[in-house]
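Take a look at the structure set out below.
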């Protein structure tokens, strides 16, 4: 089935289902529609639907976790000074908050010092660099141990420098390692070689949470805490949920357990003041918190600090114990986010002007640079263009530092589509052209890199060549997976509410249904959104107009649709005047009816 989506061709494909598994779930008491949705997302047994924390994968399966926790315990007992070196995105900020608050609670009987440091991404680059280590060494008190969160797996020089000047390093990270890893005995990363941890999608905040769980268990075993007196590390799960969703981590069962637990805390109003403040400033209701709220409401506001300045402000908001202070800091984050949106809009306009001169259909990848672009926002711009053109995209902006010989450096941020592993592509280029990329890192869907300005054109050519070798025409065709048709009587607030109560996200996508509708009314809102009134064509009362009328909206679509249309849509509960009704969020229109 082919549809038109924002003037782009899109293929609608129904998700595969397994009738045998569906029947097994139904026999266990699962609603038939939900059984269909679960099985098409990889659920094979009723037990997988139990998302309680007691079913988390044990920390013993996470390579390096026990060793790091043992060393932390020895260090705490020896009153060593700990310093967390954080990353500048939402995952890094929440991982820092989890580490900071958790270690302070666990170290309370020993009166240890635990602090944090966030490098300036524009002047010091990414991760634990030697410059960051020197900055850390000047802290008072000087740290004995550096703990990286959401970074460090690529910090070979920084770890070596830290150990050379007398500081040990514990690396907690989740990014893919290169061929060589840092020279430290304490690395906790589900993606490191030899790690059998089943959930490779664990976010940086999840890795830190696992370290704390292991440390607390060791402290119980030594009699430092009892089951009754131990700190409630579970209270930190609101941070874990936010960081996991905002980092677009794939929601396998383990991550769904973590996110579900965090959302329960939010919905029960048992979250930290910083999280509550972010809900308030984003005008979201925590009592009905969803992954959408975390990914598109809270996450961007927290990320704004790291994009335009550094993440210190965001971390201060998260760890604040004062509702008043947290709200003030959240308001500043909101202001930064508005500034970020303004910068992004200007950059996108410039980018689209550049794209007008490019035959996109003849290219498998896109590389863009403008001297006026802000390096803190290039990742968002890359994401926007990737969505628009369905191509891997890398956006470059000028870096603040230069090469030793004075040559300008460009910072790049990339986003990719399914079927093109971005970090692996950069690895191929770095091996084929050893002097082309100064440094790079990331994963399948997103990556960052640095090159000299002189290498911009050669890199663009190399990137396109790799994309030509890997991507075929079918992969470059935009596809929308859906969950089939819903009878009109099922399009109701009850189902919409049941769906909104679940945890959806990367790797476990929110359901999209299809259906054939008669368009009763349509208007364009603000010159950019299509608002419609619809009646299902299978409605028995269609001809006498007494059937159910559904409200629908198609965001960022400003053209009328045909009087009878086959639509792909998501269900949403719209509490209009405190009365729940269902609304259809339209994703695409098929050319078939």
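The values are calculated or read from the model by the stated rules, or taken from the named source; none is laboratory data. Remember, it's a predicted structure, so these values are computed and weren't measured experimentally. In this analysis, Cβ positions are derived from the backbone assuming ideal geometry, glycine residues included, and neighbour counts consider all displayed protein chains.
Points worth noting:
- For the range 264-297, the set of residues classified as in contact (Cβ under 8 Å) with a residue 60 or more places away in the chain, crowded, with 18+ Cβ neighbours inside 10 Å and outside any loop (DSSP other than H, G, I, E, B) consists of 274, 291, 295, listed by residue number.
- Being in contact with a strand residue (DSSP E or B) (Cβ under 8 Å, 6 or more places away or on another chain), closer than 28 Å to residue 423 by Cα and surrounded by fewer than 20 Cβ atoms within 10 Å (Cβ to Cβ) is a property that residue 123 has.
- Being in contact with a helix residue (DSSP H, G or I) (Cβ under 8 Å, 6 or more places away or on another chain), outside the structural domain of residue 312 (by TED's automatic domain parsing) and under 30 Å from residue 460 (Cα atoms) is a description that does not apply to residue 337.
- Among helices (runs of 4 or more DSSP H) entirely within the range 456-524, having at least 2 residues that are buried (at least 17 other Cβ atoms within 10 Å of the Cβ) and touching a residue at least 60 places away in the same chain (Cβ under 8 Å) singles out 456-470, 493-500.
- Taking residues in the range 564-593 that are at positive phi, and partners anywhere that are modelled with pLDDT under 90 and assigned to a strand (DSSP E or B), not one pair has Cβ atoms closer than 9 Å while being at least 6 places apart or on different chains.
- Among residues of the range 307-346, those that are part of a helix (DSSP H, G or I) and in contact (Cβ under 8 Å) with a residue 60 or more places away in the chain, counted: 7
To keep it simple, each residue is scored yes or no on (1) modelled with pLDDT of 95 or more; (2) out of contact with any helix residue (DSSP H, G or I) (no Cβ under 7 Å at 6 or more places or on another chain); (3) outside the structural domain of residue 146 (by TED's automatic domain parsing).
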| site | (1), (2), (3) |
| --- | --- |
| 40 | yes, yes, yes |
| 44 | no, no, yes |
| 66 | yes, no, no |
| 72 | yes, no, no |
| 78 | yes, yes, no |
| 83 | yes, no, no |
| 89 | no, no, no |
| 96 | yes, no, no |
| 100 | yes, no, no |
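- Number of the exception - residue 409 against (1) loosely packed, with under 14 Cβ neighbours inside 10 Å; (2) in a strand (DSSP E or B): (1)
- Under the condition of being in contact (Cβ under 8 Å) with a residue 60 or more places away in the chain and part of a loop (DSSP other than H, G, I, E, B), the residues counted in the range 184-201 number 12.
- Total residues in the range 149-179, condition within 19 Å of the chain's Cα centre (by Cα) and part of a strand (DSSP E or B): 2
- Selected residue (only one of 446, 462, 467 is at pLDDT below 95 and either within 27 Å of residue 177 (Cα to Cα) or in contact with a strand residue (DSSP E or B) (Cβ under 8 Å, 6 or more places away or on another chain) (or both)): 446
- Scanning the range 414-443 for residues that are in a loop (DSSP other than H, G, I, E, B) and either under 14 Å from residue 178 (Cβ atoms) or within 20 Å of the chain's Cα centre (by Cα) (or both) returns 416, 417, 418, 419, 420, 421, 434, 437, 438, 443.
- In summary, residue 288 fulfils each of the numbered conditions (1) closer than 29 Å to residue 376 by Cα; (2) modelled with pLDDT under 95 with the single exception of condition (1).
- Of the residues making up the range 417-440, those that are touching a strand residue (DSSP E or B) at 6+ places or on another chain (Cβ under 6 Å) and either over 19 Å from residue 366 (Cβ atoms) or touching a residue at least 60 places away in the same chain (Cβ under 8 Å) (or both) are 423, 438, 439.
- Given (1) out of contact with any strand residue (DSSP E or B) (no Cβ under 6 Å at 6 or more places or on another chain); (2) assigned by TED's automatic domain parsing to the domain that holds residue 445; (3) under 25 Å from residue 444 (Cβ atoms), number of the condition residue 411 does not satisfy: (1)
- Residue 399 assigned to a strand (DSSP E or B) and either at pLDDT below 95 or in the same structural domain as residue 191 (by TED's automatic domain parsing) (or both): yes
Residues checked against (1) more than 19 Å from residue 453 (Cα to Cα); (2) touching a helix residue (DSSP H, G or I) at 6+ places or on another chain (Cβ under 9 Å):
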site: 369; (1), (2): no, yes
site: 376; (1), (2): no, yes
site: 379; (1), (2): no, yes
site: 383; (1), (2): yes, no
site: 386; (1), (2): yes, no
site: 390; (1), (2): yes, yes
site: 394; (1), (2): no, yes
site: 397; (1), (2): no, yes
site: 406; (1), (2): no, no
